[in-house]
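Participant: Dumping the structure here so I can ask a few things about it.
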Amino acid sequence: MNHSLHDTTDGLPVLTDMVELETPLSPLANLLKAAGDPLRLEILRVLSQDSFGVLELCRIFAIKQSGMSHHLKVLNNAGLLSSRREANSIFYRRAYLAPDHPLAALQQQLFATVDTLPIAEHLRAPIRELQQERSQAAQTFFSENADKFRAQQDLIASYPVYAEQMTQLLNNTALRAKNLALEVGPGEGEFLAVLAQQFNQVVALDNAANMLDKARAFASEKNLRNIEFIHGDTQSLLNHKVLADCILVNMVLHHTPSPADIFQDLSNVLAPGGALLICDLCRHEQAWARDACGDLWQGFEPQDFSRWAQAAKLDEGQSVYFALRNGFQIQLRQFFKPANF
């Protein structure tokens, strides 16, 4: 709190409390204050491409919840973070000001500068542990519920709901070659039939063995003979020397622990001039989907995909959005790897 001088009857000045007033410079002062602490800068760095809950951040930084809550409040009040509630937890992520906001350029420069610095080594281990736990939770869910996959998927968006739109987006995507297509998380394999007709070879990748078996059975039933099945995650693709002309990710990213890492992994195995096509949920408030459908994320804001794609050196293409009768919204996104990359 600020103080002012006040003359007493004997001529001696004393301090009196004065309420701090908001001025046009207050937002700038709040931002600079928030950025003036090493720990808060580290929090911004960790939240560069991910979202964590309060307790998760306490675990990463090994500090008490009261201390972490204070720092998050300062960052939030300065417009550097935003929060979202998912079930009983509150998750934090970076906030991005509108381009015409007076502090937008400063905020972007702050984020860009923070991102040039590596995440401290002592923070990497707990981050990896948290992501592994998220991944394991998703794998366990699909391993235990493979036989219920279609019913659970139908609760949100059944395959026929988005298959036609995704096929149309694929048909409208100009590709330099059609040697190999990769589908990440093919589910029960229906879209593999579309890809098998258009590409010389198709790779189906899934980290849940039970689900991969279902896709393999579908391919066998439909006599699709140009499909290779890989049990693993996106990081394993480099070991298999996959170089795809087109990669498709249908209703998968909201089940993954770190979608930003998926963008980077897929960019690494995408051929120059190749396309990444994504179908997923827009941000929603249906918390029941976490338990009923194994969701780790309650959908995504469109700018999430744009930002992660940009970080993975991908150019943005077409976008299609449509609403479902049950209140969910679907976004179809197209990204390209520069031909001269």
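Throughout, read-outs are computed from the coordinates displayed, never taken from laboratory work. Computed from a predicted model, the values in this text were never measured in an experiment. Cβ coordinates were reconstructed from backbone atoms using ideal geometry, including for glycine residues, and neighbour counts include every protein chain displayed.
Participant: Can you list residues whose amide H is under 5 Å from residue 274's amide H, if they're 5+ apart or on another chain and H is modeled 1.01 Å from N?
Facilitator: When sequence neighbours closer than 5 places are left aside, the close amide H contacts are 337.
Participant: Let me ask something else about it. Which length gain, in nm to one decimal place, applies between residue 137 and residue 226 when the Cα-Cα distance is subtracted from 0.36 nm times their residue separation? Could the numbers behind the result be given before it?
Facilitator: Details: separation 89, 0.36 × 89 = 32.04 nm, distance 3.17 nm.
Full-extension gain reported as 28.9 nm.
Participant: Turning to a different aspect of this structure: Counting other beta carbons within 10 Å of each Cβ, put 296, 212, 238 in order, fewest first.
Facilitator: Details: 296 18, 212 21, 238 12.
Ordered from fewest to most neighbouring Cβ atoms within 10 Å, 296, 212, 238 come out as 238, 296, 212.
Participant: While we're looking at this one, here's another question. What ranking do 222, 337 get, fewest neighbouring Cβ atoms within 10 angstrom at the top? Please report the intermediate quantities before stating the final value.
Facilitator: Working: 222 14, 337 25.
With the fewest neighbours first, 222, 337 line up as 222, 337.
Participant: If you don't mind, there's one more thing I want to ask. With a Förster radius of 25 Å, plug the Cβ-Cβ distance of residue 339 and residue 311 into 1/(1 + (r/R0)^6) and report the FRET value to the nearest 0.05. All intermediate terms of the calculation are to be shown ahead of the outcome.
Facilitator: Working: r = 20 Å, r/R0 = 0.78.
Calculated transfer efficiency: 0.80.
Participant: Also, quick follow-up: Which FRET efficiency value, to the nearest 0.05, do you get for residue 73 and residue 179 by plugging their Cβ-Cβ distance into 1/(1 + (r/R0)^6) with R0 = 56 Å? The partial results should precede the final answer.
Facilitator: Numbers: r = 52 Å, r/R0 = 0.93.
After rounding, the FRET efficiency stands at 0.60.
Participant: Once you place label points 7 Å from the Cα toward the Cβ at residue 95 and residue 109, how far apart are they in nm?
Facilitator: That separation, rounded to one decimal, is 2.1 nm.
Participant: Right, next: Rank these for me by crowding, 306, 267, going from fewest to most other beta carbons within 10 Å. If you can, show how the numbers build up before the last one.
Facilitator: Details: 306 15, 267 20.
Final ranking by Cβ density, sparse to dense: 306, 267.
Participant: I want the local charge near residue 240. Using Cβ-Cβ distances under 15 Å, sum +1 for each Lys or Arg and -1 for each Asp or Glu among the other residues.
Facilitator: On the way: positive: 241; negative: 183, 206, 228, 233, 265.
Charge balance near residue 240 sits at -4.
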